[in-house]
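Worksheet for the structure shown next.
The values are calculated or read from the model by the stated rules, or taken from the named source; none is laboratory data. As the structure is a prediction and not an experimental result, all values here were calculated from the model. Backbone-built Cβ (ideal geometry, glycine too); neighbour counts: all protein chains shown. When the accessible area is computed, the model is the full protein with side chains, heavy atoms only, and any ligands, DNA or RNA have been set aside. Shrake-Rupley method; radii C 1.70, N 1.55, O 1.52, S 1.80 Å.
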Amino acid sequence: LLLVETAVAGGPRIGIAAGMGVATVDLLFAAAAAVAGATAGAVLAEHEAELRLAAAVVLAAIALHGLATIRRESGDVRNAPTSGGPLAHYVRFFAITSANPLTIASFAAVAASMSLGSAGPAIAFAVGVGAASAGWHLALTAAAGHAGRWITPRIQSGLAIGGRVAVLLIAAHLATSA
């Protein structure tokens, strides 16, 4: 959601840089999970409820903050200033993704369920995750960056509200399944 809004506001170049920040963390976390393998999966599995609850709190806070700011904003993010260039957005989204406990937990769970006993499969897993993430984020942010020219403020507002409500629903699901 934040990634798409950033791409709409800043254009494809800013959006792609932000998306590659996310993809870089995905690659690094997948590599760490592949190396740690079953050990990390077992440790994280012991704390799954706490991780889900922490993620639910973070997601709910982000969604509620976003809903509160929608009322203060003009609604047209295309004219909103973007702070910093592509590098700043890459670093920002790298940091945001790094702070998400579910990112590493999900990769560790997948890696733990696979037989990554040697370097070849572990490298293939990490590279595959990194390439898939980069491809997805490239397509998503490039499309959002280009679509930003045609999305009206009313549609932007509706998408922002809908997206934040969806994030709240995900947070509620995580909290109740913890």
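Work from the charge dipole of the chain (Cβ charges, +1 for Lys and Arg, -1 for Asp and Glu, about the Cα centre) and give the residue of G10, L102, P86 farthest towards its positive end. Result: G10.
At q = 0.09, 0.13, 0.20 Å⁻¹, what log₁₀ I(q)/I(0) does a Debye calculation on the Cα points of the chain give, no solvent, two decimals? Values returned for q = 0.09, 0.13, 0.20 Å⁻¹ are -0.36, -0.73, -1.31.
For the chain, the longest principal axis of the C-alpha atoms and the axis of helix 119-147 are separated by about 10°.
If I compute solvent accessible area with a 1.4 Å probe over the protein chains, what percent of it on the chain is carbon and sulfur? Present the calculation step by step, with values, prior to reporting the outcome.
Numbers: 6860 of 9610 Å².
So the carbon and sulfur contribution to the accessible surface is 71 percent.
Relative to the dominant Cα principal axis of the chain, helix 153-177 is inclined by about 30°.
Angle of helix 12-46 to the longest C-alpha principal axis of the chain, folded into 0 to 90 degrees and rounded to 10: 30°. Length available on full extension from A32 to A124: 0.36 nm per residue minus the Cα-Cα distance, which gives 31.8 nm. The calculated FRET efficiency for the pair A131 and A172, based on their C-beta separation and a Förster distance of 30 Å, comes to about 0.35. For the chain, the dipole from Cβ point charges (+1 on Lys and Arg, -1 on Asp and Glu) about the Cα centre works out to 600 debye, to the nearest 20.
For the chain, the per residue solvent-accessible surface stands at 54 Å², with DNA, RNA and ligands left out and a 1.4 Å probe.
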